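Asker: One structure, pasted below without further comment.
Throughout, read-outs are computed from the coordinates displayed, never taken from laboratory work. Please read all numbers here as calculations on a predicted model, not as lab measurements. Methodologically, a virtual Cβ is constructed for each residue, glycine included, from the backbone with ideal geometry; neighbour enumeration extends over all protein chains shown.
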Amino acid sequence: MVNTRRMARRIRDLFDTGPARLLPQIGLVTDPGQGRVFADIPAAVSPLRRRLEVAQLVSRLLDQQPDLAPRASLYDLADSLADLMDEMQGEGVEPDVLQTLDVSDESGHWKRALGFLEIVQHYFSDSGETPDAQTRQRMIVNALTDEWQEQPPQQPLIVAGSTGSRGTTMALMKAVAKLPQGALVLPGYDFEMPISAWDDLSDALSAEDHPQYRFRKLMDELGIGPQDVQPWTDTPAPCSARNRLVSLALRPAPVTDRWLAEGPELTGLDRACADLTLIEAPSQRDEALAIALRLRKAADEGITSALITPDRMLTRQVTSALDRWGIVPDDSAGTPLQLSAPGRFLRHVSALFHRKLTSESLLTLLMHPLTHMGGERGAHLRLTRELELHIRRKGMPFPDPDQMRIWASLHEDPFTASWMDWLIGAFIDTDGAGPKALIDQVDRHIELSEIIATGCAPTGNNTLWDKEAGIAARSVVDTLRDEAEHGGILSSVDYADLFGAILSQTEVRNPDEPHTKILIWGTLEARVQGADLVILGGLNEASWPEMPTPDPWLNRRMRHDAGLLLPERRIGLSAHDFQQAIGAPQVWLTRSIRSDDAETVPSRWLNRMTNLLNGLPEQGGDKALSDSRHRGDAWLAMARQLEEPGQTAPAPRPSPRPPVMARPNRLSVTEIKRLIRDPYAIYARHVLRLRPLDPLMRAPDALLRGIVTHSVLEQFIHEVRADDRALTAQRLNEIAETILAENVPWPEIRALWAARIVRIADWFVSTEKQRQLRAEPKYFEEQGEVRLDAVEFTLSAKADRIDMDDQGRAHVYDYKTGAPPSTKQQRIFDKQLLLEAAMITRGGFAGIGPADVAEAVFIGLGSTPKEVPAPLDEEPVEQVWDKFETLIQSYFQPEQGYTARRALFKDTDPSDYDQLSRFGEWDVTTDPQAEDLT
């Protein structure tokens, strides 16, 4: 009996290599009955069924005590409680034991937790009729023990590869050890540790995290000592000197003073570290690249190499780096089902029932590779792309069925109409109201998933349930449907959380044929097989060892008093796996000095090894460690060289000169500022006809705020013209609330912008009274244009507001929600109002005709409201127009280029076309390089 299926396959493979012999029966310690039928022991209930039942109990608990945990943690709590039940059953701890715990010194949280544990007591009392898997396993072990006492088997019975860390496994190992031909083959037993050192492992509270603690406990259970454990093979260890070093380094923390006594006796430290390489990479990316390089070399050498780490992010990065050489490692863990294509698809669909559909989530599903796979996938993708552009142009944060049907009606082909009906029915008209029975939740979820996966024009089956990931997803769904009667009534939110939690517990192996000698193992797989080169990666605290999962039910002391496993058990098992793996012929120890956001802490085992070596300079420990680091630095240097992009000349600061006929012959007054400050943006927009892609989700930005504010003020002025009694701050705020409610779907932004209007309302009303004393509001959003005679060019404008006084003079106003430009800025750059005034004098606004301009004023509506007049006295309209004509005529000269970022207000101001101009490879001190275009 072995501890993993991988080990069972490994044994069979070794027998298959020959010579010919009889294959023993190979089973798992988790299935001690090996398929035998025990008439008195019923079949175990499904783990999913038990978790569904426990989840209902936890749900009621959260309803009664909402301060215990947030509702979103429902299934995490249910899983942790189910795990606690499994552990109690596996360790043989009855619920009555928990009631005897002394919680007088504990917080109220632990007392409430113990009170809730009483609710699950019936699962223990009814375990004989409906046992859990752990309970049934213990019942089988007890039955076998009784049977073997009366009729011990005469054939050899061996338990190999297990440390006996769980109570049921420990009981099985004790029973086997007492058989006439029973034997235990212990993995990674430390024969280098002195007999006296085993006495330091007697206290679980101080020694549970030691790699050999489980063996000490096993020996105590069997009534034997360390001297009774014998090597099962005469094959020498690859490096006994390294084993002695690691054995001393990993002594329990309270007795590390033994280093002073035993350290000077260590010999052969140069041999211990000769085949040891230490990688301390600046980042995890550098660590992954160095590991990938070494694995690539190992593939060329034809040696078996294994990366061992519990850090799945590191393994994914290494796998990605190996892909550049076409190497697919044999990864024992695979990919979590929830991250596979079917897993992501099903989770997205489940969210349709409880989240308001946004354009982003709609397009995410429409673009998913499993959507509309029943037929006409190409037409579906084309319409999806066109719909995305329509949503971006219209700024539709939430899909509107009426607007989308209007858009579909513009397409004459019948497929678009049926496609839109499918889209609205599947994504928008989704009934998610009210809690439902779990079976109903599952059925409607899968029904909708298959509708979306099939599409509106099915010509064949969808591919949702195809390949390994699809088959695994189908199995999960079928299991959930079979056990749904035990799930009770769930809301759509709880169902989505439950479904995601169930998917996360399943993994899918890579369907590609992996490299037979490049392996990625978890720590458990590494315990039972070896490799020529072993790379222990991610040696940082919280990664290896992983931090114990917080237990919401029992704290550390309560666990110890109850006879349950301490949190340090996982650390001890990780330490055992580390100690065993580091004994390979060639070993790499790797870590990253920094993670994504902070500096990391080296693994405690790596820290102990380096500290011990540095403390033994007389035996050459510091030099041996330094040599290991130098070898690692050489590989890191190669990794950096691999990432080196090479030298490329930086792009010049562009100043393109397109043909005169291709240059823009029409601009608005607001674009003249851009022509002066950033001519390249005008070239990109009007010559290349490139437009920034509108955001998918319209953000509450300055543009939207300006549009909404203009609408509020325009409606307010119209009402005041009809009835001057409406000229009050109260009425202005009322109009603002109405327009904001119609145009701003974000409640917090709507409240913020309403508050800003309230803040400037009194000021605007008082200044508006003065403005209306000078002139009467006449024109709003008035369109105008003027042609230049010297060149074929038209200047257009849309004036926010133009008032007319009794003398026929125009008063031009422009609203600014931000800070209005200063007088100096208007003279040189921001010529909007000055040009509008010049256009009025030339009759550019047909509804007004030629007229004098009395004033042109920016009305600033920012945090400090103010009026900033245009400098018409310093810049008369004729002078403004002459300068404007000179500017435009210069850009109709072939030698005039459109220079990038010519005179932006700040060097840090962004431009929509910075990436196109390669800004960053040059800066504003770089001379522009003209380029004639054809």
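Asker: Around residue 202, under 10 Å between beta carbons, what's the net of Lys plus Arg minus Asp minus Glu among the other residues?
Answerer: -2
Asker: Find the relative contact order for the stretch 776-891 and round it to a whole percent, using C-alpha pairs within less than 8 Å whose residues are 6+ positions apart.
Answerer: Relative contact order here is 24 percent.
Asker: In debye, nearest 20: dipole of the chain around its Cα centre with unit charges on the Cβ of K, R (+) and D, E (-)?
Answerer: Roughly 1360 debye, rounded to the nearest 20.
Asker: Right, something else. May I ask for the distance between the Cα centers of the stretch 558-614 and the stretch 45-67, given as a whole number of Å?
Answerer: 35 Å
Asker: Tilt of helix 414-423 relative to the longest C-alpha principal axis of the chain, in degrees (0 to 90, nearest 10)?
Answerer: Tilt relative to the chain: about 60 degrees.
Asker: Round to a whole angstrom and tell me the spacing of the C-alpha centers of the stretch 679-694 and the stretch 469-522.
Answerer: 48 Å
Asker: I'd like the orientation of helix 747-774 relative to the chain: the angle between its Cα long axis and the longest Cα principal axis, in ° from 0 to 90, rounded to 10.
Answerer: 10 degrees
Asker: Relative contact order, percent, of the stretch 337-508 when contacts are C-alpha pairs under 8 Å separated by at least 6 residues?
Answerer: 39 percent
Asker: Another question, if that's okay. Between the helical axis of 438-454 and the dominant principal axis of the chain, each derived from Cα atoms, what acute angle in degrees is found, rounded to the nearest 10?
Answerer: With rounding to tens, the tilt is 60 degrees.
Asker: Quick one: 3J(HN,Hα) in Hz for the stretch 837-852, Karplus 6.51/-1.76/1.60 with θ = phi - 60°, rounded, Gly and Pro as x.
Answerer: These are the phi-based 3J(HN,Hα) values: 5, 5, 5, 5, 5, 9, x, x, 9, 4, x, 9, x, x, 8, 6 Hz.
Asker: If you don't mind, there's one more thing I want to ask. Starting from the Kirkwood radius over alpha-carbon pairs of the chain, derive D by Stokes-Einstein at 10 °C in a medium of 1.306 mPa s and give it in µm² s⁻¹.
Answerer: 45 µm²/s
Asker: Right, another one. Check the straight Cα-Cα distances from residue 356 and name the aspartates and glutamates below 15 Å, setting aside those fewer than 8 residues away within the same chain.
Answerer: Partners within reach: 400, 429, 431.
Asker: What FRET efficiency, computed as 1/(1 + (r/R0)^6) with R0 = 30 Å and r the Cβ-Cβ distance, is obtained for residue 863 and residue 701, rounded to the nearest 0.05?
Answerer: 0.95
Asker: How far, in nm, would the chain grow between residue 76 and residue 13 when pulled straight, counting 0.36 nm per residue and subtracting the alpha carbon separation?
Answerer: Gain on extension, residue 76 to residue 13, equals 18.8 nm.
Asker: Given 480, 449, 417, which one lies farthest toward the positive end of the charge dipole of the chain, if we put +1 on the Cβ of every Lys and Arg and -1 on the Cβ of every Asp and Glu?
Answerer: 417
Asker: Of 178/217; 297/623; 824/906; 778/798, which pairs sit farther than 18 Å apart, going by alpha carbon to alpha carbon?
Answerer: Over 18 Å Cα-Cα: 297/623.
Asker: Taking the Cα centre of the stretch 776-891 as origin, sum charge times position over the Cβ atoms of Lys and Arg (+1) and Asp and Glu (-1), and report the length of that vector in debye to the nearest 20.
Answerer: 360 debye
Asker: Towards the positive end of the charge dipole of the chain, with charges on Cβ (+1 Lys, Arg; -1 Asp, Glu), say which of 810, 690, 501 has the farthest Cα.
Answerer: My answer, from the dipole projection, is 690.
Asker: Give the percent of DSSP beta bridges with both residues in the chain that are antiparallel, rounded to the nearest 5.
Answerer: 35 percent
Asker: Let me ask you something else. Mind listing the phi-derived Karplus ³J(HN,Hα) values for the stretch 205-215, rounded to whole Hz, using 6.51, -1.76 and 1.60 with θ = phi - 60°, and x for any glycine or proline?
Answerer: 4, 9, 10, 4, 8, 7, x, 9, 4, 4, 6
Asker: Another question, if that's okay. Where the centroid of each part is defined by its Cα atoms, how far is the stretch 147-172 from the stretch 362-420 in Å?
Answerer: Measuring centre to centre over Cα atoms gives 63 Å.
Asker: Let me ask something else about it. Taking θ as phi - 60°, what are the ³J(HN,Hα) couplings along the stretch 178-187 by the Karplus curve (6.51, -1.76, 1.60), each to the nearest whole Hz, with x for Gly and Pro?
Answerer: So the Karplus estimates, Gly and Pro as x, are 8, 6, x, 10, x, 8, 10, 10, 8, x Hz.
Asker: Which of the aspartates and glutamates could a cross-linker bridge to residue 467, judged by Cα under 17 Å and excluding same-chain residues fewer than eight apart?
Answerer: Counting by Cα, and skipping residues close in sequence, residue 467 has these aspartates and glutamates nearby: 450, 478, 507, 512, 513.
Asker: Which cross-chain or sequence-distant (5 or more) residues have an amide H under 5 Å from the amide H of residue 929, H modelled 1.01 Å from N in plane?
Answerer: Counting only residues 5 or more places away or on other chains, the set is 653, 655.
Asker: Mind ranking 842-852, 820-830 by how tightly packed they are, going by the mean number of other C-beta atoms within 10 angstrom, highest first?
Answerer: Ranked by mean Cβ neighbours within 10 Å, highest first: 820-830, 842-852.
Asker: Now a separate question. Give the relative contact order (percent, whole number) for the chain; include only Cα pairs under 8 Å separated by 6+ residues.
Answerer: Taking the mean separation of contacting Cα pairs over the length of the chain, I get 14 percent.
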